[in-house]
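Colleague: Right, I'll just put the structure down here and ask away after.
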Amino acid sequence: MIKTILLKDLKLYFSDRKGILLTFLLPIILITLFAFSFGGVGRKKRVPKPTTLLVVDKDSSQASINFIHKVHSLPMMNLKQMTEEKALDKVKKGKNVGVLLFNKGFQEAVMNGSPIPVELQFDAAREIQTRMLLSVVQESMQRAFGKTQVNSNLQVKTTPVIKLTDNKPNPGLVQAVSGTAIMMLLFSIAAIGGSLLDEKEAGTLKRLLSSPIKPLHILFGKMSTAMIISVLQLAGMFVFAWLAFGLPIFMDTLTLALLILCISFAVSSFGIFLVSVVKTRQQLQGMSSIIIILMSAIGGSMIPIYMMPDFIKKVAVFSVNYWGIEGFFDIFWRQLTVVDILPKMGILIGMGLLMTLLSVPLFKRNIISLD
Amino acid sequence: MIQVANLSKSYGTVQAVKNISFEINEGEIFGLLGPNGAGKSTTLSMLSSMLKCDKGIISIDGIKLNGNARKFKTLIGVVPQEISLYEELSAYENLLFWGKLYGIVVADLKKKIDETLKLIGLYERRKDLVKTYSGGMKRRINIAAALLHNPKVLLLDEPTVGIDPQSRNLIFEIIESLNKQGMTIVYTTHYMEEVERLCDRIAIVDNGEIIAQGTKNQLQELVPNTEEVQIEFETFTNSQFENLKSAISTQMSKDSNTVHIHAGVKELPVIISTCNSLSVKIKDIQLRKVNLEMIFLHLTGKQLRD
Ligand SMILES: Nc1ncnc2c1ncn2[C@@H]1O[C@H](COP(=O)(O)OP(=O)(O)O)[C@@H](O)[C@H]1O
Ligand SMILES: [Mg+2]
């Protein structure tokens, strides 16, 4: 029965040219706009707060221990010491901007007054944050050494952990495509959910209810429609980004497909949840726009999440956008494996299940009661 | 065949249906006649188990609705008051979709759709989108969609609203032919001519209550006189109406400049001379056979259509 309803809904969906325009053309235009303008993202002069710095002490000498302790006690720095492997993994997964390495020979260099082997490894996508970090590191090192040391020896060597190279897409492009695609997806899914209210107003819902199908099949039929449209829309956007901007979408096709499915599931359940909460089309229109714009804003669809203040980063995790965009960054930028991304996919599916479960009683009460 | 006992339904504080009871016999056309807001649609929605009743019992052939909603739904065909079709799909696509919901084998369904399209006279237009149809054609497809699973009972909710007389006649013929084939029909309307033409038995509803039910003859007996004198005056004030009422002691009602008097030809001379003596100027006089509209007026003191 769900299939019958689904096929009918798809047929109806594609009979509406405006719908198709909204699903495909508008996001393409926006992605193009953002893709061009994000080129300048890294060059903007913004001063974010200094970030916690990971520290690896490979020298493990009296001098390095003393020095790390001194830097840590400075008010502007918060050092976290760990193994090199762990620290680099954190940077690769996007949890930290960079790691400061005290290489072997630190103590000797301090004593001899030769160049000090300190190295900052960083994520090149987070350029401004890295620069910030670097200046703070240099300043605090100077303070820690005091005036006894020669300043010219305090050049910190920098090495990007994740480099901007030819086989990696421009992070601005990944941001533009994934951020915009998910936001526009939310709008088209809200519209599909809304067609349930149209059916209520037109009376076809009454006829559906007078047939012997299970009422919940009506809800799941809509959800399946939303799911298929979102897979098509997301896939369409990435194919466009590949054709127009050379985004390497075939780098890890399986992971990309899985992530698209998880996002589609989360987003479709969001759609039916939204429509089950409201009673009329007008209510839906008002509510969905506000919720979608809010979710997109805090979730990183409009402004990259790492540029946001800390308190927004904390609430961002409640949005589908955040997990979706982070997932796409994991694939295209951090180039993680499917196993590394599974937790994010799990969260998306969890969000979807929760919203589906909540929709069921609401749908029964608000939509099919006919009261 | 269908028994309804003490059925009630409220929407919030609005009591839409108040403790109604009636019975529908197999093979008959049963009419529910009443003005807008009387509770007809609500009653049909409960009969078709789309809407849960607050109180009361509905049964078909002795089977109670409670717990058997799905079985009920296969026995009943519903023609909602609204055109409940997908305008962006063709008539054929609509029927195919609605039929599939009943789990009919597709080959059988397609045969049934062709047959039904021919019955309603839209076979040639089957591939056109519903939105290109006239009001009357949409109404016919609206009926067709309820027939595909061969229901034993067809519930029609005001199936002729907003269409021309010709289309209306076509729909009557469709209903009559379905009835001849043995289908039991429940027909709601606020047009008394429709129930007079179609229905074997009628229930008159007002304010959620059944105020009278029976065959047309049984209902007519409720009105003391089988005729009605209808006089239109040049001007007719309320005080003149009061004077007339006290001068002639039969039942009458006033409707702007017109008075409806339950009386026959024999009483006509008396009525005219009374009017003359009260010096109200007569513009027009009509003598009419009692119809359901007058019965409604007689029972409720108001017009069927306001
Ligand atoms: N969904 C609803 N919510 C609230 N009130 C309703 C609803 N449907 C009908 N009513 C009210 O119930 C009464 C009966 O309506 P209805 O059954 O549609 O009458 P009819 O079909 O005879 O015109 C009316 O007063 C109407 O306003
Ligand atoms: Mg009605």
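The values are calculated or read from the model by the stated rules, or taken from the named source; none is laboratory data. Small disclaimer: the values here were computed from a predicted structure and weren't measured. As a convention, Cβ positions derive from the backbone with ideal geometry for all residues, glycine included, and neighbour counts pool all protein chains shown. Each accessible area value is taken on the protein alone, full model and side chains, heavy atoms only, with ligands, DNA and RNA left out. Shrake-Rupley method; radii C 1.70, N 1.55, O 1.52, S 1.80 Å.
Colleague: Suppose each label sits 7 Å from its Cα in the direction of the beta carbon; what would the residue A:214-residue A:20 distance come out to in nanometres?
Modeller: The answer from the label model is 3.4 nm.
Colleague: Partner chain Cβ atoms within 10 Å, averaged over the residues of B:82-88 - can you pull that number for me?
Modeller: That average works out to 6.
Colleague: Among A:230, A:178, A:138, whose Cα sits farthest toward the positive end of the charge dipole of the protein assembly as shown (+1 at Cβ of Lys/Arg, -1 at Cβ of Asp/Glu, about the Cα centre)?
Modeller: Highest projection toward the positive end goes to A:138.
Colleague: Continuing with the same structure: Measure out, as a whole number of angstrom, how far apart the alpha-carbon centroids of the stretch A:197-219 and the stretch B:263-306 sit.
Modeller: For the stretch A:197-219 versus the stretch B:263-306, the Cα centre distance is 48 Å.
Colleague: Hey, another quick one. Can you give me the distance in nm between label points at residue B:193 and residue A:10, each placed 7 Å from the Cα along the Cα-to-Cβ direction?
Modeller: Taking the two extended label points, one gets 4.9 nm.
Colleague: Determine by what factor the alpha-carbon radius of gyration of the stretch B:26-137 differs from 2.2 N^0.38 Å, reporting the quotient.
Modeller: Dividing the Cα Rg of the stretch B:26-137 by 2.2 N^0.38 Å gives 1.25.
Colleague: Reachable aspartates and glutamates from residue A:314, Cα under 15 Å, same-chain residues fewer than 8 places away excluded?
Modeller: Output for residue A:314: A:326.
Colleague: Select from B:153, B:229, B:105 the residue whose mean-square fluctuation is largest in a Gaussian network model of chain B (Cα-Cα springs shorter than 10 Å).
Modeller: It is B:105.
Colleague: Can you give me the % of accessible surface on the stretch B:1-123 that is carbon or sulfur? Probe 1.4 Å, all protein chains present, nothing else counted.
Modeller: 50
Colleague: Considering the alpha-carbon set of the stretch A:331-371 alone, what are its Rg and its Dmax in angstrom?
Modeller: When restricted to the Cα atoms of the stretch A:331-371, Rg and Dmax are 17.0, 52 Å.
Colleague: I'd like the orientation of helix B:106-119 relative to chain B: the angle between its Cα long axis and the longest Cα principal axis, in ° from 0 to 90, rounded to 10.
Modeller: Tilt of helix B:106-119: around 30 degrees.
Colleague: Would you mind calculating the gained length between residue B:26 and residue B:128 on full extension (0.36 nm times residue separation, minus the Cα-Cα distance), in nm to one decimal?
Modeller: Difference between extended and current length: 33.1 nm.
Colleague: Using only Cα atoms, what Kirkwood radius does the stretch A:233-371 have, in angstroms?
Modeller: Across the stretch A:233-371, the inverse of the average 1/r is 16.3 Å.
Colleague: Modelling each spin label as a point 7 Å along the Cα-to-Cβ direction, I'd like the residue A:83/residue A:285 distance in nm, to one decimal.
Modeller: That separation, rounded to one decimal, is 6.0 nm.
Colleague: Lysines within cross-link reach of residue A:80: Cα-Cα under 16 Å, excluding same-chain residues under 8 positions apart?
Modeller: A:58, A:70, A:90, A:95
Colleague: If the viscosity is 1.002 mPa s and the temperature 20 °C, what translational diffusion coefficient in µm²/s does Stokes-Einstein give for chain A when Rh comes from Kirkwood over Cα pairs?
Modeller: Result for D is 93 µm²/s.
Colleague: How much of the accessible area of the stretch A:265-350, probe 1.4 Å, is carbon plus sulfur, in whole percent?
Modeller: Roughly 75 percent, rounded to a whole number.
Colleague: Can I ask one more? Among the lysines, select those whose C-alpha is under 28 Å from the C-alpha of residue B:55, and discard any that sit fewer than 8 residues away in the same chain.
Modeller: Those lysines meeting the cut-off are A:200, A:206, A:214, A:279, A:364, B:9, B:18, B:40, B:64, B:71, B:73, B:152.
Colleague: At most 14 other Cβ atoms within 10 Å plus a DSSP loop assignment makes a site exposed; report the longest stretch of chain B without any exposed GluC sites (Glu not before Pro).
Modeller: Longest gap between qualifying sites, sites excluded: B:27-123.
Colleague: Enter the angle in degrees (range 0 to 90, nearest 10) between the Cα long axis of helix A:215-245 and the first principal axis of the Cα atoms of chain A, meaning the one along which they spread out most.
Modeller: Orientation of helix A:215-245: about 50 degrees from the principal axis.
Colleague: Given the convex hull over the Cα atoms of the stretch B:75-193, what projected area results after averaging over all orientations, in nm²?
Modeller: One quarter of the hull surface, i.e. the mean projection, equals 6.8 nm².
Colleague: Given Cα positions, please report Rg to Rh for the stretch B:140-251, the hydrodynamic radius being the Kirkwood one.
Modeller: Over the Cα atoms of the stretch B:140-251, Rg/Rh equals 1.12.
Colleague: Per q in 0.08 Å⁻¹, report the Debye log10 I(q)/I(0) for chain B, using one uniform scatterer on each alpha carbon and no solvent.
Modeller: Results for chain B at q = 0.08 Å⁻¹ read -0.44.
Colleague: Let me ask you something else. Mind checking which of A:179, A:350, A:194 has the largest fluctuation in a GNM of chain A, springs on alpha carbons under 10 Å?
Modeller: The residue that fluctuates most here is A:350.
Colleague: Could you identify which residue out of A:97, A:56, A:110 has the top mean-square fluctuation in a GNM of chain A using Cα springs shorter than 10 Å?
Modeller: Per the Cα network of chain A with a 10 Å cutoff, A:110 tops the list.
Colleague: A follow-up question, please. Among A:52, B:263, A:339, flag the residue with its Cα farthest along the positive direction of the charge dipole of the protein assembly as shown, charges on Cβ as +1 for Lys/Arg and -1 for Asp/Glu.
Modeller: Final value for the positive-end residue is A:52.
Colleague: Looking only at other chains, what is the average number of their beta-carbon atoms within 10 angstrom of each beta-carbon in B:99-109?
Modeller: The shielding value for this peptide is 3.
Colleague: Using a 1.4 Å probe on protein heavy atoms only, how many Å² of accessible area do B and A hide from each other, summed over both chains and rounded to 100?
Modeller: In total, this chain pair buries about 2400 Å².
Colleague: Kindly provide log₁₀ I(q)/I(0) values, in the same order as q = 0.11 Å⁻¹, from the Debye equation applied to equal alpha-carbon scatterers of the stretch B:219-306.
Modeller: Once normalised to I(0) and log-transformed, intensities are -0.27.
Colleague: Now a separate question. Quick one: Debye curve from the alpha-carbon atoms of the protein assembly as shown only, equal weights, vacuum; give me log10 I(q)/I(0) at q = 0.05, 0.07, 0.10, 0.12 Å⁻¹ to two decimals.
Modeller: Summing over Cα pairs of the protein assembly as shown leads to -0.43, -0.66, -0.97, -1.19.
Colleague: For the charge dipole of the protein assembly as shown, defined by +1 on Lys and Arg C-beta atoms and -1 on Asp and Glu C-beta atoms about the Cα centroid, which residue among B:36, A:312, B:56 has the Cα displaced farthest towards the positive pole?
Modeller: Projecting each Cα onto the dipole axis, the largest value belongs to A:312.
Colleague: Can you give the FRET efficiency to the nearest 0.05 for residue A:242 and residue B:232, using r as the Cβ-Cβ distance and R₀ = 56 Å?
Modeller: Using R0 = 56 Å, I get an efficiency of 0.10.
Colleague: For the protein assembly as shown, what does the accessible surface come to per residue with a 1.4 Å probe? Please give it in Å².
Modeller: Per residue, the protein assembly as shown has 45 Å² of solvent-accessible surface.
Colleague: Across peptide A:198-209, how many C-beta atoms of other chains are within 10 Å of each residue C-beta, on average?
Modeller: Average neighbour count from other chains, rounded to a whole number: 6.
Colleague: Please report, in whole Å³, the volume per residue of the convex hull around the C-alpha atoms of the stretch A:151-297.
Modeller: So the per-residue Cα hull volume is 156 Å³.
Colleague: Express in nm, to one decimal, how much length is gained between residue B:273 and residue B:286 on full extension, taking 0.36 nm for each residue of separation and deducting their alpha carbon distance.
Modeller: 3.1 nm
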